[in-house]
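Only one structure is covered here, and it is reproduced in the block below.
The values are calculated or read from the model by the stated rules, or taken from the named source; none is laboratory data. None of the values given here were measured: they were computed from a predicted structure. Here Cβ is always computed from backbone atoms with ideal geometry, including for glycine, and neighbour counts include all displayed protein chains. These area figures cover heavy atoms from the full protein model, side chains too; ligands, DNA and RNA do not enter into them. Shrake-Rupley method; radii C 1.70, N 1.55, O 1.52, S 1.80 Å.
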Amino acid sequence: MNHFLSIFRNSFRTPEIRRKILFTLSVLVVFRIFAHIPVAGVNVASLKALFSQNQFLGLLDIFSGGTLANFSVMALGLNPYINASIILQLSTLVFPKLEALSKEGEAGRHKINQYTRMLTVPLAVLQAFGMYALLRSQSIISLLPPSELASFVVTMTAGTMFLVWLGELVTERGIGNGISMLIFAGIVGRIPVVFGQTIATATGENLTNLIIFLIMSIVVIAAIVFMNDATRKITVYYARRARGNRLYGGQSTHLPLRLNQAGVIPIIFAVSLVLLPSLISNYLSGSPNEQIRNVAFSIGALFNPSSFTYNAVYFLLVVGFTYFYTAVIFNPKKIAEEIQKYGGFIPGVRPGSPTAKFLTYVLTRITLVGAFFLGFIAILPTIAQSITEVQTLLLGGTGILIVVSVVLETIRSLEAQLVMRSYDVYTK
């Protein structure tokens with residue numbers, strides 16, 4: 001704890017880092033202000049009543065930071081952008097040109113980000129139409145003429161793109177990953193409201209269950225911190241080389257491989273996909289066709305947040321995205337080439353291709369542990385709710401994981417910037 005406080009204190013002493021922190025906080029304040037600007041024509045009271053009765057919509061509202069229940073101009077949140085990111089990253093496995101583009105370094109990533117933003121617009125338009133149809137089926141919004149409907153869709157789309165812009169500003173000029181920071185701010189902004197509702201309804205046995213729930217949350221936070229810091233250290237030796245009259249190398253170091261290389265991204269991707277069937281179900285439930293309504297009810301029951309199917313799919317998505325994103329951000333072949341370039345080798349492993357295969361083998365094994373841990377944390381809320389019967393704390397392990405992971409990643413980012421600037425006087 002003292003170490004963390006020291007990092008924040010030293011960061012504020014550094015003018016450049018202080019500016020980045022203040023800029024990030026300013027963007028988060030703007031986000032929270034816009035999250036409470038409602039769209040015209042929506043009965044907010046009826047909408048909040050609907051969200052309080054529907055577990056799925058309540059969960060979706062928590063992850064949107066309360067923008068859905070308020071139905072602000074940012075009601076769609078970052079879901080279109082996240083879905084566009086998933087589509088683009090999966091496309092790199094199918095289309096060779098995109099794969100080559102992703103390997104072109106900073107210029108390639110910039111181009112892919114541009115494609116992601118372009119794809120976000122049509123996805124946001126489709127989701128805005130879907131949201132209108134859902135609200136119309138629940139009689140929360142009246143039938144809009146074409147001009148007002150177009151204004152509704154444009155407002156929703158513009159809100160999402162504004163949110164994407166804020167996230168990119170934080171990434172470029174602030175601290176940490178902007179998209180993760182905005183999701184973090186949305187979840188944290190809803191915690192006092194949800195916790196207050198839980199306290200208000202907690203009496204007798206429910207209060208005991210709430211205490212058990214809070215103890216479990218503390219244990220989960222400790223486990224998340226432990227897993228985020230857990231690494232497998234690969235020993236690397238560097239051969240001694242003579243340059244003129246001097247000898248270089250002849251030392252050993254460690255290559256740290258984290259058990260959870262992907263961080264919080266797999267959870268964010270998985271949530272976006274696992275909530276999609278329920279969203280489609282809510283949309284189709286207002287259909288005049290009885291067969292379509294029956295299919296919608298079946299999908300809704302199958303993907304209810306407390307159902308086995310929902311949790312099984314959620315678990316598998318988290319595991320799959322953990323492996324996928326780890327493969328995207330960690331390149332064993334490139335690491336092996338760098339080790340060989342500087343005269344290094346792993347004991348018992350030949351340099352070059354055998355080193356890359358060894359790193360892939362080790363990474364696959366340790367990622368399995370990290371992926372299963374993330375998957376377990378994702379479905380833990382359902383287990384905890386069935387034990388404690390505390391149904392109002394829908395945030396659960398997924399929200400805790402996002403909050404703790406973003407905090408830890410932010411601390412690492414601050415620490416790295418302090419080290420990079422070599423402010424030894426502050427770190428003593």
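In this structure, does residue 191 turn out to be under 23 Å from the mean Cα position of the chain (by Cα), closer than 20 Å to residue 410 by Cβ, at pLDDT 80 or above and among the β-branched types (Val, Ile, Thr)? Talk me through it step by step, then tell me what you get.
Working: under 23 Å from the mean Cα position of the chain (by Cα): yes; closer than 20 Å to residue 410 by Cβ: yes; at pLDDT 80 or above: no; among the β-branched types (Val, Ile, Thr): yes.
So residue 191 fails the test.
Does segment 170-182 contain at least one residue that is within 21 Å of the chain's Cα centre (by Cα), without any contact (Cβ under 8 Å) to a residue 12 or more places away in the chain, surrounded by 13 or more Cβ atoms within 10 Å (Cβ to Cβ) and part of a helix (DSSP H, G or I)?
Scanning segment 170-182 turns up at least one residue that is within 21 Å of the chain's Cα centre (by Cα), without any contact (Cβ under 8 Å) to a residue 12 or more places away in the chain, surrounded by 13 or more Cβ atoms within 10 Å (Cβ to Cβ) and part of a helix (DSSP H, G or I).
Name the one entry in 56, 71, 51 that is of a type in the set (Phe, Trp, Tyr), closer than 18 Å to residue 153 by Cβ, at pLDDT below 80 and open to solvent by less than 30 Å² (accessible area, probe 1.4 Å). First the steps, then the outcome.
Details: 56 fails: closer than 18 Å to residue 153 by Cβ; 51 fails: closer than 18 Å to residue 153 by Cβ.
Only one candidate passes the filter, namely 71.
Quick one: in segment 93-110, of everything that is open to solvent by 50 Å² or more (accessible area, probe 1.4 Å) and assigned to a helix (DSSP H, G or I), which residue is farthest from residue 323 (Cα to Cα)?
Taking segment 93-110 and keeping what is open to solvent by 50 Å² or more (accessible area, probe 1.4 Å), we get 93-97, 99-100, 103-104, 106-107, 109-110.
After this cut, where a residue has to be assigned to a helix (DSSP H, G or I) as well, the list is 96-97, 99-100, 106-107, 109-110.
Details: 96: 20, 97: 22, 99: 17, 100: 20, 106: 23, 107: 25, 109: 20, 110: 23 Å.
Restricting to residues being open to solvent by 50 Å² or more (accessible area, probe 1.4 Å) and assigned to a helix (DSSP H, G or I), the top hit is 107.
Is it fair to say residue 128 is buried (at least 17 other Cβ atoms within 10 Å of the Cβ), part of a helix (DSSP H, G or I) and of a type in the set (A, V, I, L, M, F, W, C)?
Details: buried (at least 17 other Cβ atoms within 10 Å of the Cβ): yes; part of a helix (DSSP H, G or I): yes; of a type in the set (A, V, I, L, M, F, W, C): yes.
It is true that residue 128 is buried (at least 17 other Cβ atoms within 10 Å of the Cβ), part of a helix (DSSP H, G or I) and of a type in the set (A, V, I, L, M, F, W, C).
When you scan segment 352-378, how many residues do you find that are crowded, with 17+ Cβ neighbours inside 10 Å and more than 18 Å from residue 258 (Cα to Cα)?
The total comes to 1.
Answer yes or no as to whether residue 366 is at pLDDT below 80 and under 30 Å from residue 274 (Cβ atoms). Lay out the reasoning, then the answer.
Numbers: at pLDDT below 80: no; under 30 Å from residue 274 (Cβ atoms): yes.
Considered against the rule, which asks whether it is at pLDDT below 80 and under 30 Å from residue 274 (Cβ atoms), residue 366 comes out as no.
Within segment 210-222, is there a residue that is open to solvent by less than 40 Å² (accessible area, probe 1.4 Å), modelled with pLDDT of 70 or more, under 20 Å from the mean Cα position of the chain (by Cα) and not hydroxyl-bearing (Ser, Thr, Tyr)?
Taking every residue of segment 210-222 in turn, at least one turns out to be open to solvent by less than 40 Å² (accessible area, probe 1.4 Å), modelled with pLDDT of 70 or more, under 20 Å from the mean Cα position of the chain (by Cα) and not hydroxyl-bearing (Ser, Thr, Tyr).
Among (1) modelled with pLDDT of 70 or more; (2) surrounded by 20 or more Cβ atoms within 10 Å (Cβ to Cβ), where does residue 34 come up short?
(2)
Which residue is nearest to residue 380 (Cα to Cα), if the candidates are limited to segment 298-332 and must be open to solvent by 60 Å² or more (accessible area, probe 1.4 Å) and at pLDDT 85 or above?
The initial filter retains those residues of segment 298-332 that are open to solvent by 60 Å² or more (accessible area, probe 1.4 Å), namely 298, 301-302, 306, 308, 316, 323, 327-329, 331.
Narrowing the set further to residues that are at pLDDT 85 or above leaves 316, 323.
Details: 316: 14, 323: 20 Å.
The residue in question is 316.
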